[in-house]
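For reference, the structure is listed below as structure tokens.
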Amino acid sequence: MTNLKMESVLDYVIKHAIHKNPKSVLDTIDSYAMNGSLERKRFLMNVGPEKGAILKDCIETHKSKKILELGSFVGYSAILIAMTIGKNDTLISIDPDPNSIRIATQIVEYAGLSNKITFIESRAEDAINNFNLPFDLIFIDHAKKRYLPDLILLEEAGLVKKDTVIFADNVGLFRDQMTEYFKHVRDVNFYASNNIESNLEYRGNIYDAVEISVRKID
Ligand SMILES: C[S@@+](CC[C@H](N)C(=O)[O-])C[C@H]1O[C@@H](n2cnc3c(N)ncnc32)[C@H](O)[C@@H]1O
């Protein structure tokens with residue numbers, strides 16, 4: 001994603017969204033992407049409102065308090081997560097793109113949610129060993145080829161415990177690349193896994209899905 005495009009999302013938010021109103025910031029980012037629905041150049045790879053509602057419901061159902069996100073982009077899902085968790089709960093969001101981190105930080109600040117979110121500029125695989133406590137929910141939404149290797153790194157680092165929820169986006173659109181990931185999280189000895197069909201963000205007619213996998217053992 002070009003820096004220019006991310007800058008234009010930030011400008012659009014500042015121009016159209018209500019300051020320190022996270023819902024207004026998300027609606028504004030949605031309207032940026034939807035208004036350009038026929039133009040590929042305005043498409044944004046956010047989780048979007050439809051799959052975002054599934055993510056919100058999942059966090060509420062599992063009462064997740066300590067969340068890790070792989071792939072920040074412009075901070076859309078970070079805002080959605082931070083709006084959903086309690087006031088003392090936290091999100092760590094990782095992305096190696098310095099422009100993503102810079103823009104996401106500013107958009108989150110504008111939404112008034114900086115106190116709940118820590119952004120880390122890094123590839124997930126390089127950051128995982130710096131954490132020492134397990135997470136309640138891990139939102140996997142970064143490089144599709146890294147879903148399985150990074151989940152295994154998280155497991156090996158002891159960051160996935162019994163009842164940790166692994167929520168993976170885009171497993172429908174990229175199903176051809178998910179065979180080994182599905183095999184891993186659908187092993188009934190380790191996870192109870194559910195595939196929920198949905199649509200690609202901002203494109204109502206393109207099939208996508210999320211996979212929600214709850215760890216059964218420590
Ligand atoms: C689909 S976007 C994330 C969208 C965001 N979660 C949302 O819904 O608003 C994917 C992001 O993953 C980042 N990414 C790519 N490789 C990564 C890696 N190895 N570790 C962490 N993030 C990575 C990209 O820079 C990009 O910003």
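A few notes on this one:
- Helix 3-16 axis versus longest C-alpha principal axis of the chain: approximately 70°, rounded to the nearest ten.
- The range 106-194: chymotrypsin sites (Phe, Trp or Tyr not before Pro) in DSSP loop, at most 10 other beta carbons within 10 Å: none
- Summary value for the chain: 19 percent relative contact order, contacts being C-alpha pairs under 8 angstrom separated by 6+ residues.
- Each Cα pair of the range 90-204 feeds into the Kirkwood radius, which the Stokes-Einstein equation turns, at 4 °C and 1.567 mPa s, into a diffusion coefficient of 83 µm²/s.
- With contacts taken as Cα pairs under 8 Å and at least 6 residues apart, the range 90-218 reaches a relative contact order of 22 percent.
- Bridge type composition, the range 3-215 - antiparallel percent by DSSP, nearest 5: 40 percent
- Only Cα pairs under 8 Å and 6+ residues apart enter the sum, and on that basis the relative contact order of the range 87-163 stands at 31 percent.
- Three-way shape label, the range 155-194, alpha-carbon gyration tensor, a/c 1.5: prolate
- Debye log10 I(q)/I(0) at q = 0.14, 0.17 Å⁻¹ for the chain, Cα point scatterers: -0.81, -1.23
- Spacing of the two label points (7 Å from each Cα toward its C-beta) at Asp57 and Asn194, in nm: 0.8 nm
- Rounded to the nearest 10 degrees, the inclination of helix 48-62 to the longest alpha-carbon principal axis of the chain is 40 degrees.
- Gain in span if fully extended, Asp27 to Asn130, counting 0.36 nm per residue against the direct Cα distance: 33.7 nm
- Max mean-square fluctuation residue, GNM over the chain, Cα-Cα springs under 10 Å, options Pro22, Pro134, Pro98: Pro98
Readers should treat all values here as calculations from the given coordinates under stated rules, not as data from a laboratory. The structure displayed is predicted, hence computed values, not measured ones. Cβ sites come from the backbone with ideal geometry, for glycine too, and all protein chains shown count toward neighbours.
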